[in-house]
Amino acid sequence: MSTAAPRTAGPDHLWSVDEHLDDILATVRPLEPIELNLLDAQGCVLVEDITVTVSLPPFDNSSMDGYAVRVADVAGASEQYPAALEVVGDVAAGAADLLHVGPGQAARIMTGAPLPPGAETVVPVEWTDGGLGEGPAAGMRARSLAPEGATGQVNVYRPAEARAHVRAMGSDVRAGDRALDAGTVLGPPQISLLAAIGRGTVRVRPRPRVVVLSTGSELVQPDEELRSGQIYDSNSFALTAAARDAGAIAYRVGAVADDAATLRDTIEDQLVRADLMVTTGGVSVGAYDVVKEALSHAGDEDEPGSGVEFRKLAMQPGKPQGFGSIGPDHTPLLALPGNPVSSYVSFELFVRPAIRTLMGLTDIHRPRVRAQLTGDRELTSPRGRRQFLRGRYADGAVTPVGGAGSHLVAALAQANALIVVPEDARSVAPGAEVDVVLLG
Ligand SMILES: Nc1nc2c(c(=O)[nH]1)N[C@H]1C(S)=C(S)[C@@H](COP(=O)(O)OP(=O)(O)OC[C@H]3O[C@@H](n4cnc5c(N)ncnc54)[C@H](O)[C@@H]3O)O[C@H]1N2
Ligand code: MOO
């Protein structure tokens, strides 16, 4: 999977956000296409051109509930001088053996039913007495009241042109037309079209399987009792949700203890179901930073580009990061910092584009807009670091929420955007224009 060898530099070197992203994207390639059932292919990128084999509609059919008639038989019809026709029966949607409509005759026809031979046009039931002889009808008599179908006579009060209320065969798409191009992302309308032309499976790039694994002996799972010094594991939930939001099939592995051997074993067990692995925590410089310890030497010496490299980025939050590939298939792995806001921001900036690259999407990044900074305080930022502050964006303006601390999950939950303060800015005053990443 890995092709590009990570660039290397001394341990104090600060890599830019863009360099880090470029290096990650150089190691991920779109997944090999597979044939999937339509609904499993939702959100995936099509890799084949789809040609229509069955015209839509496949046959001329009625767009209204009404009567299939001949044009000449209703010409000049009015409420005062209705055309009285003999009703020869029903044509329901799905009918295969069609009755013939002769001169002076009408067949009750339902929306979607084939236009029967002999009939040239359809008059909606509202233009008739519905066969009840009591003036204009609002609808047809239910089939349950006359299971044998309609008989007798119908009065038609208005004329109809040839093929009125008839949907012509092939008027939507014709056999041989291109229905969808390779590269199309399959949303509900595209899945609708594929089903309509009879395609049950399609060749697409599958959703990547992403294993999200949190680390930290202080972590307990929600609903469990919190003892002294412990906190709840929020990162594994946040990033699993974020991976799903990006289009992945995500598996959450909650809170591996700070022990390198356990972590290595857990990662090895999980590799079988991973196209991408994401870890949180344990990448800094502490004595218990177990991800770094476990993975720093996880490379395959025979394979250039394999292994996990740990770096510092010129970024806040999200300074310590690891990335590379592990295992026999060189599965890409991103090791994100443990602070909850740091891991989430890192996910949005680095993991989301990687997931979307694996999917074969071209639109891999969150949208960015320019916005006017509002609020009553100046934003400050350390020189030389690109800062991502949480904000609420609406109508071209963005207001900061919460402070810069990377533990502030409550403020993150109020945010819908990241305010970008560039490396060369020490402060940004209200009223200034800023770059904003929209979190959707
Ligand atoms: N001496 C230094 N200390 C630190 C530095 C540094 O440069 N020198 N960098 C700081 C920065 S910046 C970050 S970010 C963190 C990254 O630390 P780790 O990736 O090693 O993460 P941990 O130490 O495991 O945890 C940090 C913090 O986040 C909490 N956490 C961890 N996992 C979860 C989780 N799944 N759910 C909720 N909260 C979690 C953890 O309890 C810690 O409070 O290092 C700084 N230190
Ligand atoms: O850089 Mo750390 O990720 O701020 O908190």
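Tabulated data for the structure shown
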read-out: Positions within the stretch 76-111 being farther than 15 Å from residue 140 by Cβ, surrounded by fewer than 18 Cβ atoms within 10 Å (Cβ to Cβ) and small (Gly, Ala, Ser), in sequence order; value: 76, 78, 84, 94, 95, 96, 102, 104
read-out: Unmet criterion (only one of (1) modelled with pLDDT of 95 or more; (2) within 9 Å of ligand 1 (Cβ to nearest atom)) for residue 276; value: (2)
read-out: Conditions (1) small (Gly, Ala, Ser); (2) open to solvent by less than 60 Å² (accessible area, probe 1.4 Å); (3) in contact (Cβ under 8 Å) with a residue 60 or more places away in the chain; number of the one not met by residue 261; value: (3)
read-out: Candidate set: the stretch 185-216, residues that are in a loop (DSSP other than H, G, I, E, B) and surrounded by fewer than 17 Cβ atoms within 10 Å (Cβ to Cβ); chosen: the one nearest to ligand 2 (Cβ to nearest atom); value: 187
read-out: Verdict on residue 276 being within 16 Å of ligand 2 (Cβ to nearest atom), assigned by TED's automatic domain parsing to the domain that holds residue 332 and buried (at least 22 other Cβ atoms within 10 Å of the Cβ); value: no
read-out: Close pairs from the stretch 404-427: first farther than 22 Å from residue 241 by Cα, partner within 16 Å of ligand 1 (Cβ to nearest atom) and aromatic (Phe, Trp, Tyr), Cβ under 7 Å, at least 6 apart; value: 420/388
read-out: Qualifying residue in the stretch 352-372 (condition: within 15 Å of ligand 1 (Cβ to nearest atom) and buried (at least 16 other Cβ atoms within 10 Å of the Cβ)); value: no
read-out: Whichever residue in the stretch 335-351 is within 14 Å of ligand 2 (Cβ to nearest atom) and among the hydrophobic types (A, V, I, L, M, F, W, C) and, among such residues, is most open to solvent (accessible area, probe 1.4 Å); value: 349
read-out: Output for the stretch 330-389, where each listed residue is closer than 27 Å to residue 264 by Cβ and part of a loop (DSSP other than H, G, I, E, B); value: 330, 337, 338, 339
read-out: Among the residues listed as 266, 279, 262, 240, the single one being assigned to a strand (DSSP E or B) and either of a type in the set (Val, Ile, Thr) or in contact with a His (Cβ under 6 Å, 6 or more places away or on another chain) (or both); value: 279
read-out: The stretch 154-184: number of residues that are over 39 Å from the mean Cα position of the chain (by Cα) and exposed (fewer than 13 other Cβ atoms within 10 Å of the Cβ); value: 2
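Okay, residues lined up against (1) at pLDDT 95 or above; (2) within 24 Å of residue 232 (Cα to Cα); (3) within 16 Å of ligand 2 (Cβ to nearest atom):
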{"position": "377", "(1), (2), (3)": "no, no, no"}
{"position": "381", "(1), (2), (3)": "no, no, yes"}
{"position": "391", "(1), (2), (3)": "yes, no, no"}
{"position": "400", "(1), (2), (3)": "yes, no, no"}
{"position": "416", "(1), (2), (3)": "yes, yes, no"}
{"position": "419", "(1), (2), (3)": "yes, no, yes"}
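The values are calculated or read from the model by the stated rules, or taken from the named source; none is laboratory data. Quantities reported herein were computed from a predicted structural model and do not represent experimental measurements. Cβ atoms come from the backbone with ideal geometry, glycine included; neighbour counts cover every protein chain shown. The accessibility values were calculated without ligands, DNA or RNA, using every heavy atom of the protein model including side chains. Shrake-Rupley method; radii C 1.70, N 1.55, O 1.52, S 1.80 Å.
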